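Enquirer: Okay, handing you the structure first.
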Amino acid sequence: MIDAKQVLHVARLSRLELEPGEVEQMATELSSILGHIEQISKLDLDGVEPTMHVVPIDGGLRDDEPEPSLPIEVALSQAPKANAEGFIVPSPQA
């Protein structure tokens with residue numbers, strides 16, 4: 001079981017601000033999630049192939065084929081500021 005102290009520690013690491021009422025709710029929800037993970041870890045999964053989806057998906061991604069790039073003049077034509085080499089961006093403020 002996750003306690004309030006652990007929730008506050010994780011919230012601090014995650015830079016989350018939790019209201020007092022949310023801490024107990026998060027403790028309950030995180031404990032439930034860990035309980036489910038514990039149940040899953042008890043399963044015998046030897047020989048089970050890893051999957052990305054539970055159903056087969058054909059054509060999800062196209063083959064990565066090289067294609068010609070835009071001519072530099074076209075790519076820079078809509079830029080607010082550009083030169084022959086590329087976009088001109090403001091220098092970061094120190």
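Enquirer: Take the Cα pairs of the chain, get the Kirkwood Rh, then feed it into Stokes-Einstein at 37 °C and 0.692 mPa s and tell me D in µm²/s.
Expert: 163 µm²/s
Enquirer: Then there is this: Could you run the Karplus curve 6.51 cos²θ - 1.76 cosθ + 1.60 with θ = phi - 60° over the stretch 59-65 and give me ³J(HN,Hα) per residue in whole Hz, x for Gly and Pro?
Expert: Residue by residue, the stretch 59-65 yields x, x, 10, 7, 5, 7, 10 Hz.
Enquirer: Using alpha carbon centroids, what distance separates the stretch 50-77 and the stretch 1-39, in Å?
Expert: Result: 39 Å between the Cα centres.
Enquirer: What nm value, rounded to one decimal, do you get for the distance between GLU67 and ASP44 when each label is placed 7 Å out toward the C-beta?
Expert: 5.0 nm
Enquirer: Residue by residue through the stretch 84-90, which ³J(HN,Hα) values in whole Hz follow from phi under the Karplus form 6.51 cos²θ - 1.76 cosθ + 1.60 (θ = phi - 60°), with glycine and proline marked x?
Expert: With coefficients 6.51, -1.76 and 1.60, one gets 5, 9, x, 6, 9, 10, x Hz.
Enquirer: Skipping prolines and chain starts, which residues have an amide H placed within reach, meaning under 5 Å, of the one on ALA82, given they are 5 or more residues away or on another chain?
Expert: Amide H to amide H, under 5 Å and 5 or more residues apart or across chains, ALA82 pairs with ILE88.
Enquirer: Please identify, among ALA79, ALA27, ALA11, the residue showing maximal mean-square fluctuation in a Gaussian network model of the chain using a 10 angstrom Cα cutoff.
Expert: Of ALA79, ALA27, ALA11, the Gaussian network model singles out ALA79 as fluctuating most.
Enquirer: Ignoring everything except DSSP H segments at least 4 long, calculate the 222 nm mean residue ellipticity for the chain; use -39,500 (n - 2.57) per segment, divide by total residues, nearest 500.
Expert: Dividing the helical sum by the residues of the chain leaves -12500 deg cm²/dmol.
Enquirer: How would the stretch 45-90 be classified by its alpha-carbon gyration tensor: rounded, prolate or oblate, with rounded meaning a/c under 1.5 and the a/b versus b/c comparison settling the rest?
Expert: Prolate shape, in that a/c is at least 1.5 and a/b is the bigger ratio.
Just so you know, all these numbers are worked out from the coordinates, no wet-lab data involved. Not measured: the values here are computed from a predicted model. Glycine gets a Cβ as well: all are built from the backbone with ideal geometry, and neighbour counts include every protein chain shown.
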